[in-house]
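The values are calculated or read from the model by the stated rules, or taken from the named source; none is laboratory data. Quick caveat, the model's predicted, so the values are computed rather than measured. Every residue, glycine among them, receives a Cβ derived from its backbone with ideal geometry; neighbour counts consider all protein chains shown. Accessible surface areas use protein heavy atoms only, side chains included; no ligands, DNA or RNA. Shrake-Rupley method; radii C 1.70, N 1.55, O 1.52, S 1.80 Å.
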Amino acid sequence: MPTAAKSIESEIKKLREEVLRHEELYYVHDRPEISDVEYDALVERLRALEEEHPEFRAPDSPTLRVGGRPAEGFEEYVHRRPMLSLDNSYNIEDLRAFDERCRKLADGRPFEYVAELKIDGLSLSVHYEGGVLARGVTRGDGRVGEDVTQNVRTIRSVPLRLKGAAGGEAEVEVRGEAYLSRKAFERINAEREEAEEAKFANPRNAAAGTIRQLDPKVVARRRLDLFAYDVLRGERKPFPTHWEALEWLAAAGFTVNPHRAKCPDIEGVIKFCNDMEAERDRLEYEIDGVVVKVNSTALQDEFGTTAKAPRWAIAYKYPARQATTQVEEIIVQVGRTGALTPVAVLTPVQLAGTVVARATLHNEDEIKRLGVKIGDWVNIEKSGEIIPKVLSVVTSRRTGEEKSFRFPKKCPVCGGVVSRPEGEVVSRCVAADCPAQLKARLLHYASRRAMRIEGLGDALAEQFVQKGMVRDVANLYDLKLEEVAGLERMAEKSASNLLAQIEASKTRDLPQLVYGLGIRHVGERTAALLARHFRSLEALRTATVEQIDDIHEIGLTVAESVRDWFDDEGNVELCERLRQRGVRTELAGGGVGAQADEAFAGKQFVLTGRLETLTRDEARALIEARGGRVTSTVSKKTDYVVAGEEAGSKLEKAQALGLKVIDEEGLKEMLG
Ligand code: IVH
């Protein structure tokens, strides 16, 4: 081979290994070393080189994740060993009864259980031939599934090539649960809302809908994940215990859920179930219970299965997150784009650990579909952190006293005209000066994923608007300490913290600013695409519809919406005032200062104890201004713990986890 070709081959190989390493850091270890932008750039470079030299593209290249062309539908695939379901148990007695049955079957022989989380997603079977991903299949009816290989390739926690000794296996099948994290689910629904598409009801539905998408590019964007829980060689389990199978899976490069326990008896299992129920809301994904399995493979084989489920395993299901309560009132909220959202005000009811007093009714059509009236008893559902929603009306409890709700013809806040274009489900207040829209725009601008101005919450935004202190987001940068300190329930200290936060927001990057402007149809992801493409607000302002539409992944609706926004002189003037006030309107990266920010970008800090020269809020603002994040709990995801005087349990936990602990001096050094 000529030397030039050789060096290209070796560059492709290096890039490939680099990308795979970063994927593993991100998806498996949850400790990314580079930003998403840098990662995307690496993949793009690899893709370009491979396109020029397809002969050097390896079968496990990460660029294959985004698949080729959309499939025409899916082929059926008969599972070599059926994918069974599980028997359910709903209380501790059921669990003890399961234990009794197992002990009877074991007939005096000792055995242990493995308890693991029951992830609320869909099960997948992934086949490897010679260590390379060969096929991905859905469960289907348990006997016959669908071949969704192209889509499974997009799941980054599914290795394209098995690692270590596992790579030498001729044929193995790995089973696991594919799911969408709460974060991915929320992002997808936010995008769907902007595109005015029907939202998914929960992460499980979204994951199930995603795996059957015909276009693998759509699947890749949605970011499915997988927790592996089983491995088969042919029809057999290759390890003497389930626990060893899990360890093999982790070593082969899969993500195995870290919350699992080997339990010598059912009491240990019960403790695990209770412990995890308390953790449930803090997990980044949804679970609906715990799966309990007999650890020994020999005993599993001996206990066997019924037609539907194994006798050696059981699902312990957590209580459903539904409740019944009464609708006291229906109110209509006005969002930043003027969208009117009806909300049911409920008689407060206890639901999965929180009190629920409101549930969304989405829009006028949804109220019609449900047939809900004021005074109705309704079934509501809460899943994770998501806003509760009304599922159905309990018509049998109607008394005849219920009142129909009339959707307003005018904006309930400003009295402005409401319009609902043909074919759309959303009604909007079209008044330019509607205070409800302004308040929602401020809150959006200040939100975590936009300019992240902590402390600027609902009550403050309301006061800013009502008192006429803020007429658009640029006015936030004109606020004076005395003015803010003079507001209700505002001490001087919190006022100065707020101003420090507002100041710090000036250094957020362009994607956050573009998102924060609240342009219709421009969600977080679109904002990032626009910012990366045009690199400055000025370039975006002057872009034509065609130029925007040309960006891969951006469609005409979005392009027109962006153009419309910048065609409004008021908006152009707003951008100019933001720039004059020192808000960053160009994409960061490159240039001086970028290097220093590297140390902070994407890193998680925890502040604990008393610092000498800085207040905690000041330290927080400084860290955040450089792109770091400050959280309150120490976990293995924490990058730095900044410990001052009398740092207590957080410091201990940090030391126990072997995290990097620095003092105030160390922080200042990092800040330069
Ligand atoms: S074991 C025969 N382990 O729950 C063994 N299943 O209700 C069956 N699931 O179809 C699978 N997390 O989709 C197992 N840690 C876990 C699981 C799990 C979620 C799902 C799986 C299965 C369903 C049964």
Exercise. Grab the alpha carbons of the range 393-548, take their convex hull, and tell me the volume per residue in Å³.
Key: 191
Quiz item: In the range 429-516, what GluC sites (Glu not before Pro) fall in a loop by DSSP, with at most 10 other Cβ atoms inside 10 Å?
Solution: Glu488
Exercise. Order the following by accessible area, largest value first: Asp120, Asp265. Probe radius 1.4 Å; ligands, DNA and RNA are ignored.
Key: Asp265, Asp120
Quiz prompt | Heavy-atom SASA rank of Arg471, Arg143 (probe 1.4 Å, accessible area, largest first) | solution = Arg471, Arg143
Practice problem: Take the alpha carbon atoms of the range 334-402, find their center, do the same for the range 266-316, and report the distance between the two centers in whole angstrom. | Solution: 34
Quiz item: Across the range 261-393, how many lysine pairs, 8 or more apart or on two chains, come within less than 27 Å at their alpha-carbon atoms?
Solution: 16
Self-check item: Exposure of Trp243 as accessible area (Å², to 10), given a probe of 1.4 Å and all protein chains
Solution: 40
Quiz item: Around Leu659, with a cut-off of 9 angstrom between Cβ atoms, what is the net charge of the other residues, counting Lys and Arg +1 and Asp and Glu -1?
Solution: +2
Quiz item: For the chain, treating each Cα as an identical point scatterer without solvent, what Debye log10 I(q)/I(0) comes out at q = 0.07, 0.09 1/Å?
Solution: -0.56, -0.95
Quiz item: How long is the gain from Ala656 to Asn88 if the chain were fully straight, where each residue apart is worth 0.36 nm and the alpha carbon distance is subtracted?
Solution: 200.7 nm
Self-check item: Computed label-point distance, nm, for sites His259 and Arg101 using a 7 Å Cα→Cβ extension
Solution: 2.5
Quiz item: For Thr395, Thr341, Thr255, what's the largest-to-smallest order of accessible area, 1.4 Å probe?
Solution: Thr395, Thr341, Thr255
Practice problem: Pop the C-beta distance of Glu503 and Thr542 into the FRET formula with R0 = 45 Å and round what comes out to the nearest 0.05. | Solution: 0.95
Quiz prompt | Alpha-carbon centroid distance for the pair the range 155-228 / the range 482-527, whole angstrom | solution = 33
Self-check item: Percent carbon-and-sulfur accessible area, the chain, ignoring ligands, DNA and RNA, probe 1.4 Å
Solution: 49
Quiz prompt | Label point distance in nm, Val394-Asp433, each placed 7 Å from Cα along Cα→Cβ | solution = 4.8
Quiz item: Excluding same-chain residues fewer than 8 positions from Lys493, which lysines have a Cα within less than 17 Å of its Cα?
Solution: Lys480
Exercise. Would you grab the residues whose amide H sits under 5 Å from the one on Leu346? Only those 5+ places off in sequence or on another chain, please, with H modelled 1.01 Å from N.
Key: Glu328, Arg358, Ala359
Quiz prompt | Hypothetical label at Thr305: residues of the range 82-96 whose amide nitrogen lies under 19 Å (7 Å Cα-Cβ projection) | solution = 82-89
Quiz item: What is the calculated FRET efficiency for Glu328 to Thr557, with r their C-beta to C-beta distance and R₀ = 35 Å, to the nearest 0.05?
Solution: 0.40
Practice problem: Give me the distance in nm between label points sitting 7 Å out from Cα along the Cα-to-Cβ direction at Arg577 and Val345, one decimal. | Solution: 3.3
Quiz item: Averaged per residue, what accessible surface does the chain expose to a 1.4 Å probe, in Å²?
Solution: 48
